[in-house]
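Data first, discussion second: the structure below is written as structure tokens.
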Amino acid sequence: MKTMKLAVAAALLFGAAAATWAEEEKKGPSDKVKAWLGGERPVGIIAGVMKVEVFRVFPEKPTEPMGKECGGYPIISTGKEQTREFGLKLAAIVFDEKTYDWEKAKKCKFEPGVGFRLWREKDWVDVVLCFHCDELEISTIPPGEKERKVSHEDFDAARAALVKLCKEAFPDDKEIQGLKDKREDK
């Protein structure tokens, strides 16, 4: 009898958690964030992420293609592939309208050091992060097109959460492990 009660309680708890997760997944980003991301295709990829490749990237885009890249930036090293759960943490940050500072533009040079490639089946979206100025770019090349679609914005409010994800993705990288939750020049 106790086993039956435990099984019922576990099923109810699991069902409630699954319903909450499904509701959150359906909610997705606001219309403002969805438009900034480029519409349904990139939103669908991010929401349905199955795995995430993680890279350290060279901070400048080359004038000529150099082979392997993330967001157009040359890959200098690759970290351990991350799971859907990691991707959903990143998606929650990317989808949150409060992540971005829509009203200000910084005058610093965008020099990313980290890139994430979020995969859903055979389609992907790149997210590259610059911790010098707390800015990110999200980009993808739609099927059948040659030009990369890019969105760029400040992420000051989400710096601590993004630092945490980067440290999780690069546990042996001294530079990443040395990142602070707040920029030192602020």
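General remarks:
- Pair list, Cβ under 7 Å, 6 or more apart: segment 93-104 residue farther than 17 Å from Val128 by Cα, other residue open to solvent by less than 60 Å² (accessible area, probe 1.4 Å) and in a loop (DSSP other than H, G, I, E, B): Glu97/Ser30
- A single entry from Ala169, Ala157 fulfils the requirement of being open to solvent by 40 Å² or more (accessible area, probe 1.4 Å), at negative phi and small (Gly, Ala, Ser): Ala157.
- Close pairs from segment 54-79: first under 15 Å from Ile141 (Cβ atoms), partner of a type in the set (Asp, Glu) and open to solvent by 40 Å² or more (accessible area, probe 1.4 Å), Cβ under 9 Å, at least 6 apart: Lys61/Glu69; Cys70/Glu53; Tyr73/Glu60
- Within segment 113-133, the set of residues being at pLDDT 95 or above and more than 20 Å from Ile46 (Cα to Cα) comprises Gly113, Phe131.
The values are calculated or read from the model by the stated rules, or taken from the named source; none is laboratory data. Since this is a predicted model, take the numbers as computed values, not measurements. Here the Cβ is made from the backbone with ideal geometry for all residues, glycine too, and neighbour counts use every protein chain on show. Ligands, DNA and RNA are stripped out before the accessible areas are found, and what is left, the full protein with its side chains, is counted by its heavy atoms. Shrake-Rupley method; radii C 1.70, N 1.55, O 1.52, S 1.80 Å.
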